[in-house]
Amino acid sequence: MQQKIRKIFLSVLPFFAVFIPILLGVPQSAQALERRKLIPVGRTVGVTMDTEGLLVLETGSVVGADNESHEPSKGLLKAGDRILQANGEKQENKEAFMKTIQQSEGKPICLRLERNGRQKEVKITPVLSNTAQTYQIGAWIRDSIQGIGTVTYYDAENGTFGALGHGVYDVDTDDLMVIHGGSVVDTTLEIVKGEKGAAGELIGQVEMQEKLAVIEKNTETGIYGKAAAGVFAGESYPVATKAEVKKGAAVLLSDLEGKDVQAYAIEIESLEKNGGRQHKDMNIRIMDERLLALTGGIVQGMSGSPILQNGRLVGALTHV
């Protein structure tokens, strides 16, 4: 099943990247870092993640059979709530939840929620919609999110990978998404070139059946999971210590040209080695004319592109 997605995992801020020692959470001793080698990937992929529970986006009204406007969820559900159970049963997706609502035939449904880290129970009485002729609770629900990003590294020793370089936040609630799993899938790209004052973007045509890897975690510094050997193949590079990262020439890896991953010239203009703002620790500038001609600079969807300097893996692009 092919599906075109425009949602992209990237914020619009000045050019920033994050040090791999912070991104990966690796030990800070030089000896430990030198022993660890990772494969810098630079492959653009489609990402789909399932929420832990059903995420409430908004509540609204339902026009009932009496032609009156009703708000069954008003004061009971709030944007950002996660519905964990309905009538004592876990709801695997929004389709299952809709089925539960229909089966209620207008009788109250007991929902177990999580709000601000605490669980509570509420009872909501569905209303029969006069227009749709289905029972509704007047709430918009999401069970998954999709987007485009770049795989940063693959660890051949334990079969794990990291991507994006920053966490995935829900676009409606601005909260870091709590997930119970997800997949990395292959994609073909269309590039919308960036212009002055407006970041470009990558639009992906994804093949949902072709799963490349499994996503296990969504964190402030990226998404992480496992992939089979050979999915993200390549040469391994040592991870740099903070002391080894310098201002000056470096390269960014990406497969935006529709072929093998290419190395593009960049310049590390400034460093923040004592902990940057929101994990953003270096300021980079694109120097490569090929990349500038292709994208206009850095576009949304390149988030996670690995950065190499002096034969070491030093960072990943996170914000543009």
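So the values come out like this:
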read-out: Some residue of the stretch 74-92 being free of Cβ contacts under 8 Å to residues at least 40 places away in the same chain, under 30 Å from Gly147 (Cα atoms), part of a strand (DSSP E or B) and of a type in the set (Asp, Glu); value: yes
read-out: Enumeration of residues in the stretch 238-257 that are assigned to a strand (DSSP E or B) and under 16 Å from Gly304 (Cα atoms); value: Val239, Ala250, Val251, Leu252, Leu253, Ser254
read-out: Conditions (1) in a helix (DSSP H, G or I); (2) open to solvent by 50 Å² or more (accessible area, probe 1.4 Å); (3) farther than 13 Å from Thr44 by Cβ: number failed by Ala229; value: (1)
read-out: Identity of the residue in the stretch 232-260, open to solvent by 60 Å² or more (accessible area, probe 1.4 Å) and among the aliphatic types (A, V, I, L, M), that ends up modelled with the highest pLDDT; value: Ala249
read-out: Residue count, the stretch 226-270 (criterion: at positive phi and either among the aliphatic types (A, V, I, L, M) or touching a Lys or Arg at 6+ places or on another chain (Cβ under 7 Å) (or both)); value: 0
read-out: Check on Glu220, modelled with pLDDT of 70 or more, within 26 Å of Arg36 (Cβ to Cβ) and exposed (fewer than 14 other Cβ atoms within 10 Å of the Cβ); value: yes
read-out: Pick from the stretch 93-109, criterion part of a helix (DSSP H, G or I) and buried (at least 16 other Cβ atoms within 10 Å of the Cβ), ranking: nearest to the chain's Cα centre (by Cα); value: Lys94
read-out: Tabulated pairs, the stretch 212-224, first among the aromatic types (Phe, Trp, Tyr), second in a strand (DSSP E or B), C-beta under 9 angstrom, 6+ apart or interchain; value: Tyr224/Thr160; Tyr224/Phe161; Tyr224/Gly162; Tyr224/Ala163; Tyr224/Ile215; Tyr224/Glu216; Tyr224/Lys217; Tyr224/Asn218
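Rundown of residues vs (1) open to solvent by 10 Å² or more (accessible area, probe 1.4 Å); (2) closer than 20 Å to Glu58 by Cβ; (3) among the polar types (S, T, N, Q), yes/no style:
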position	(1), (2), (3)
Trp140	yes, yes, no
Val151	no, no, no
Leu164	no, no, no
Tyr169	yes, yes, no
Val178	yes, yes, no
Gly182	yes, no, no
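The values are calculated or read from the model by the stated rules, or taken from the named source; none is laboratory data. Because the structure is predicted, anything quoted here is derived from the model rather than measured. Here Cβ is always computed from backbone atoms with ideal geometry, including for glycine, and neighbour counts include all displayed protein chains. Ligands, DNA and RNA are excluded from the accessible area calculation, which covers all protein heavy atoms including side chains. Shrake-Rupley method; radii C 1.70, N 1.55, O 1.52, S 1.80 Å.
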